[in-house]
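**Q** The structure is given below, and queries will be raised subsequently.
The values are calculated or read from the model by the stated rules, or taken from the named source; none is laboratory data. Quantities reported herein were computed from a predicted structural model and do not represent experimental measurements. When we count neighbours, we look across all protein chains shown, and the Cβ atoms used for this are built from the backbone with ideal geometry, even at glycine. Each accessible area value is taken on the protein alone, full model and side chains, heavy atoms only, with ligands, DNA and RNA left out. Shrake-Rupley method; radii C 1.70, N 1.55, O 1.52, S 1.80 Å.
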Amino acid sequence: MTPVAFTRFSRLLSLRPRRLTAGALSLLLAAPLTLGLGVARAENPELTVYNQNFALVKDYRPIALKAGLNDVTMDNVAALMDATSVHFKSLTAPQAVRVREQNFRYDLISRQNILDRMVGHKIRFTKEGKVREGILLNPATTVFRNGGYNGGSVGTGSSDAFAIQTPEGVLLTDLNEILIDTLPEGLYARPTLLWSLDSDKGGTHQSEVSYLTDGINWLCDYVAVLSDDDNHLDLTGWVTLDNQSGANYQNARLKLVAGDVRRVSPQAVPAYAGAVRQMMKMEAADAQPFQQEAFFEYHLYTLNARTSVMNRETKQVTLASAAAIPIRKKYIYDPDAARYRGWSNNGWADGDYGSVGYYGRPGRGWDSAESKKINTLIQFKNSQENHLGMPLPKGRIRVNKADSSGSIQFVGEDRIDHTAVNEEIELYLGDAFDLVGEKKRITFHEETHAIEETYEVKIRNHKKTSATIHVVDHLFGDWTIRANSAPFTKTDAHTVDFALPVPPDGERVLTYTVRVRR
C-alpha cells in the first residue's frame, strides 16, 4: 500500500465512528485494502475468448520481490475466475520463484458482508434521529433449506429486520444507517489473489499470471442484403463480445476461438458480475480486422490491433465482409415432415406424430393452414470463388432487401453452425406468400405385409414469374414408388424430392403411388 493510499485509508477509518451510508461505502471501495507486496496493474494482457462463455486471461505485471519469502497480492482479477486454473510464473527467473500458497479472496466490502461479521459485536445505529448502540444478534444473510430437513437444496436470502440487544431490551429495526469504528477483517475492495512466494533472487520480476474465467462470451451476428433480382447478397459478419467477468482488460491482445471445446465440469463461481451492459462499437481499422488460423481442431481469430475490454461492456468488431455472393433461391413444400408411415408393434401406423418438421418447424396437420405453406430458402457456398472462403463461426444471419423506394426492409433470419471453407450454407427465411400447396391421399390399400397409397399434390403459383417448387415426402420401410407423374430424386434412404416448375399464375398437379413392404 502506497503512503498516499495508506493516509487516505487511515483518515477514512479514523478514531471517530463512521456512518456506513452509500457515500461512505463508495469511499471504502475506492481504497486499496491489500496486504504485503502489491502487484502493479497488468501491462498489455492477452484475452482468448471462447464462444462457450469463458475465457483464458494472461496478465503480465512487474513485481518487486526480496530474496526469501514474500506475501504478494494482485487485484483487478476476474471475479468469476476458476481459482483452480491460476498459474503464476516469473518470466525473469522461472526457476528462482516458487509458489508456496495461493488464495483467491472474493468476499468484498458490502453492507451485507460487514453486518454478517458484526454479529456479537457492538454497533452504533441511528433510530428516530438519535444515535443508539447495542449488540447485533443476527446476520444480514439468512440460510434456509428447501425440501425438508434431510433433503432438498440450500439457499440464502437477506434479513428484513435485525435484532439489537440494548439496555432496554431487544430492538427490531431495519438498520438503514449504522456507524462502525473499523472494518471487519477478511473483506476486500476488489477480487484479489494472494500468494506466498519463495524467491531465490531479489529485484523486479516480470510475471505472467494466467487463469480461466467465466462470464466472457462472444458470438457472431451476420447482416446480409439481397440484390434486387435475389441472385446475390452482400454479407457482413460482426463479433459481439460481452464481458461480465468482473475485471477490466485494458490494451489487450484479443483472440477468439470458434469451436466446441470440451470442459470436464463447471466450477462454482461467486455471483459478482452484474447484468447492466453498455453498448459500444469499435470501427474496424481495415477491411479485415481479424487474422484467422487453424488451431488444433478449432479456428482462432486474432484482432490486428489491441483493444480494451471493460467490465459490463458489450463490444462489437467487424469480423469479415463480402459483396456480390452468388445465391440460389429454393422453395420447399414439405407438409408432413413429422408424419410417420410405417409398421409398429400394433400394426400399420399412419398418424401425424407432430414433433419436428422441416428446419425445426412443428409438425403440420393434414387440414391446417400450415399444411399449405411453402418454405423459402436461400443457398450459397462458403468459397473463395463466391468472395468468402474463410471459416465462419456459428451465429445468426439477418437478411434484408431494399424495396422499390430504396429503403432497406427485413425479410427473415436463420442460424448457421460453424461452417468450414467450401461448405454449403442454407437459410430458411420464411414462407412464400404467393405460393400455395395442397396435398391429399386419394387411395389407400392395406395388405397383410404391405400397404399401397396414392397422393395428389397441387401447387398454385400466384406470382408474375415462374417458380420451381421442391415437393418432399418421407418414406420408411422397404418402399417403392410404383407410379409418378413427374420425375423425382432420392435424396436419402427415406426422402424423395419432386422438382415441379410452375408457370406464373398457374397450377401444377403431381400424383404418385407408394408401395411399402414390411
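**Q** Leaving ligands, DNA and RNA out of it, work out the accessible area of THR240 with a 1.4 Å probe and give it in Å² to the nearest 10.
**A** Answer for THR240: close to 20 Å² accessible.
**Q** Considering only protein heavy atoms, what is the solvent-accessible area of LYS329 at a probe of 1.4 Å, reported in Å² to the nearest 10?
**A** Ignoring ligands and nucleic acids, LYS329 comes out at about 90 Å².
**Q** Turning to a different aspect of this structure: Using the structure shown, select from LYS66/LYS255; LYS66/LYS89; LYS394/LYS490; LYS315/LYS381; LYS329/LYS490; LYS373/LYS490 the pairs with a Cα to Cα distance greater than 27 angstrom.
**A** Table pairs above 27 Å Cα-Cα are LYS66/LYS255; LYS394/LYS490; LYS315/LYS381.
**Q** Taking only protein heavy atoms into account and a 1.4 Å probe, give the accessible area per residue of region 396-491 in Å².
**A** 56
**Q** Let me ask you something else. If you line up the Cα atoms of region 409-518 on their principal axes, what length do they span on each, largest first, in Å?
**A** 55, 39, 19
**Q** Sort VAL99, VAL170, VAL516 by heavy-atom solvent-accessible area, probe 1.4 angstrom, most to least.
**A** On the way: VAL99 65, VAL170 90, VAL516 10 Å².
Putting VAL99, VAL170, VAL516 in descending order of accessible area: VAL170, VAL99, VAL516.
**Q** Then there's this: Rounded to whole Hz and in sequence order, give me ³J(HN,Hα) for region 219-225 from the Karplus expression 6.51 cos²θ - 1.76 cosθ + 1.60, θ = phi - 60°, writing x for Gly and Pro.
**A** 9, 10, 10, 10, 10, 10, 10
**Q** Right, another one. Rank these residues by their accessible area, most exposed first, probe 1.4 Å: HIS449, HIS474, HIS418.
**A** Heavy-atom accessible area, descending, gives HIS449, HIS418, HIS474.
**Q** Heavy atoms only, probe 1.4 angstrom, no DNA, RNA or ligands counted: give me TRP238, TRP195 ranked by accessible area, highest first.
**A** Putting TRP238, TRP195 in descending order of accessible area: TRP238, TRP195.
**Q** Which loop GluC sites (Glu not before Pro) in region 402-482, with loop taken from DSSP, have no more than 14 other Cβ atoms within 10 angstrom of their Cβ?
**A** In loop regions of region 402-482 (DSSP not H, G, I, E or B), the sparsely surrounded GluC sites (Glu not before Pro) are GLU423, GLU447.
**Q** Got a sec to turn the phi values of region 429-442 into Karplus ³J(HN,Hα) couplings, 6.51 cos²θ - 1.76 cosθ + 1.60 with θ = phi - 60°, whole Hz, x for Gly and Pro?
**A** With coefficients 6.51, -1.76 and 1.60, one gets 9, x, 10, 6, 6, 9, 10, 10, x, 9, 10, 8, 8, 9 Hz.
**Q** Tally up the carbon and sulfur contribution to the accessible surface of region 407-518 as a whole percent, 1.4 Å probe, everything protein left in place.
**A** Result for region 407-518: 48 percent of the exposed heavy-atom area is carbon or sulfur.
**Q** Can you send over the solvent-accessible area of ASP228, 1.4 Å probe, protein chains only, in Å² to the nearest 10?
**A** Rounded to the nearest 10, that gives 130 Å².
**Q** Can you give the Rg to Rh ratio for region 462-515, taking only C-alpha atoms and Rh from Kirkwood?
**A** Ratio of gyration radius to Kirkwood radius for region 462-515: 1.05.
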